[in-house]
Amino acid sequence: MGNDESDASAAETDGTSGDGPTGETDGGSAGGVDYAARAADTLGFSRWWQIAAAAGMMAAVSPYQYVWSSISPALSEGLDIALPALGAVFSFYVVFQSLSQFPAGKWRDSRGPGALTFLAALLAGGGYIGLAYATSLWQLYLLYSLGAVGVGIVYTVAVNTAVKWFPDRTGLTTGVGTMAFAAGSALVVPYVRANATVSAYSDVLRNIGIGILVITLVGSFLLRDPPKDWLDRKNGDGDDGDGDEGDGGDGLAASIRGRNYSTREMLSTWQFWLLYAMFVAMASADLIVIANVVRFAENFGLAELIATLSATLLPVAAGVSRLILGEATDRFDRKRVMAGSFLLAGLFRIGLVGAGEAGNGAVFVAFVLGAMFFSSPLYVFFPSLLADYYGAANSSGNYAVLYTAKVGGGVFSGVVAGYLVATMGWNPTFILGGVLAVAAGLAVFVLRPPSGSGLKSTEPQPAD
């Protein structure tokens, strides 16, 4: 697909009236466009297998982010390396995982996911296998950073597989992938914790690495992108061949209906920079709870059980919410769901301070769950809305640029939050996190499609 407005993606209708579903098994018809049937004709099987492969790969690479805290003490003891020095290993991971997504996304948009995900399998699987045989700190830095590049590739490919194959259900399918990344290590953590000893950790790392390698290799052979003409826009009822929307255009998903922006063109619009600021704000609010909830509970003198419950249930709320609110953005006005979610995320964070001050452990846990339930879907909302505004053709590269905002959120939740806690205390720091989320929620009301997008509305067609 080109980047000119005349090359904007769309689809021909399937001969129905255009105002209701056609009843295919995966609910893939919206506005009379049978997305599911078109995908099945192209793939030879259901498009949901693409989401299953993407989610499996996301779950496979999740130990890089969620298992490190369980394995690092054994590494520290076995290699006689101080834990603070090992902390830099995870910092390298965050940087390389985030920044690798832009070149990976640009490659995928132009050449497809096959070779790229094969490379990701070698990097992510090989990185963990290599850790089993590392003997020095610089080797840990190198191997974890190379593995992080593999994780970044898998992340951007998986998220944008949903965007490319499911223009009608982007919220739900993006939620499936990001939930798998959040919850995928749930089965691995007990195994690691039971064997995280100096004598056993090498076998643990090697076995996890082999699992990562095998699953991501399988995914690399299954994943593919739709051809540029899979929706046959030029001959369809949704377009008259001259780039202008025909009568059927309003029945199409926004990411198909509007102009496909290149990354450079996207960067020239004010909407992108507002989305970027919102992403930084929400990532900061999200990560400050994830990184500090145990210490925050201890600050109020709450029972150890309260801190443990908060930390244990937090990722559950984060994962489930991505499915529920992702589906909600497909069925209802995406912007309103996003705004309400961010506003509630902020209010729950502010409420945490009140619950802690009151010493009410049950309410504290409930507010932690509420705060995470409404902030964690930021990783569903932003790729979906970005595709609505800037099109699906270059979605991998475009979202990879937006995702770099997570680095800013990481800096705030780590360095900045540490400074604020030292100078002002926990309560003002958490209240500031809540204020950032509220500000992001209010900013949603300012957003509208770029003036040259050809879109009148970005509201998705309801899914079945």
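Tabulated values for the structure
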{"quantity": "So residue 173, is it modelled with pLDDT under 80 and among the β-branched types (Val, Ile, Thr)", "calculated": "yes"}
{"quantity": "Whichever residue in the range 370-414 is outside any helix (DSSP H, G or I) and among the polar types (S, T, N, Q) and, among such residues, is nearest to residue 162 (Cα to Cα)", "calculated": "394"}
{"quantity": "Single unsatisfied condition, residue 81 versus (1) at pLDDT 75 or above; (2) in contact with a Leu (Cβ under 9 Å, 6 or more places away or on another chain); (3) assigned to a helix (DSSP H, G or I)", "calculated": "(3)"}
{"quantity": "Subset of the range 112-146 (residues that are open to solvent by 50 Å² or more (accessible area, probe 1.4 Å), in contact (Cβ under 8 Å) with a residue 60 or more places away in the chain and not in a helix (DSSP H, G or I))", "calculated": "133"}
{"quantity": "Extreme residue, farthest from residue 173 (Cα to Cα), among residues of the range 366-381 that are surrounded by fewer than 24 Cβ atoms within 10 Å (Cβ to Cβ) and either of a type outside the set (A, V, I, L, M, F, W, C) or touching a helix residue (DSSP H, G or I) at 6+ places or on another chain (Cβ under 7 Å) (or both)", "calculated": "367"}
{"quantity": "Selected residue [open to solvent by less than 20 Å² (accessible area, probe 1.4 Å) and in contact with a Phe, Trp or Tyr (Cβ under 6 Å, 6 or more places away or on another chain)] from 405, 392, 417, 387", "calculated": "405"}
{"quantity": "Qualifying positions in the range 190-221 - open to solvent by less than 40 Å² (accessible area, probe 1.4 Å) and either over 11 Å from residue 71 (Cα atoms) or in a helix (DSSP H, G or I) (or both)", "calculated": "192, 201, 202, 204, 205, 208, 209, 211, 212, 216, 219, 220"}
{"quantity": "Pairs, first among the hydroxyl-bearing types (Ser, Thr, Tyr) in the range 331-358, second assigned to a helix (DSSP H, G or I), C-beta under 7 Å, six or more apart", "calculated": "341/325; 341/374"}
{"quantity": "Check on residue 430, over 26 Å from residue 271 (Cα atoms), buried (at least 24 other Cβ atoms within 10 Å of the Cβ) and at pLDDT 85 or above", "calculated": "yes"}
{"quantity": "Residue match in the range 349-365 (condition: within 23 Å of the chain's Cα centre (by Cα), among the charged types (D, E, K, R), at pLDDT 85 or above and part of a helix (DSSP H, G or I))", "calculated": "yes"}
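A quick yes/no check of all residues on (1) open to solvent by less than 10 Å² (accessible area, probe 1.4 Å); (2) not hydrophobic (A, V, I, L, M, F, W, C):
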{"site": "272", "(1), (2)": "yes, no"}
{"site": "286", "(1), (2)": "yes, yes"}
{"site": "299", "(1), (2)": "no, yes"}
{"site": "302", "(1), (2)": "no, no"}
{"site": "330", "(1), (2)": "yes, yes"}
{"site": "339", "(1), (2)": "yes, no"}
{"site": "351", "(1), (2)": "no, yes"}
{"site": "363", "(1), (2)": "no, no"}
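The values are calculated or read from the model by the stated rules, or taken from the named source; none is laboratory data. No experiment lies behind these values; they were computed from the predicted model shown. Neighbour counts run over all protein chains shown; Cβ positions are idealised from the backbone, glycine included. Heavy atoms of the whole protein, side chains included, go into the accessibility calculation; ligands, DNA and RNA do not. Shrake-Rupley method; radii C 1.70, N 1.55, O 1.52, S 1.80 Å.
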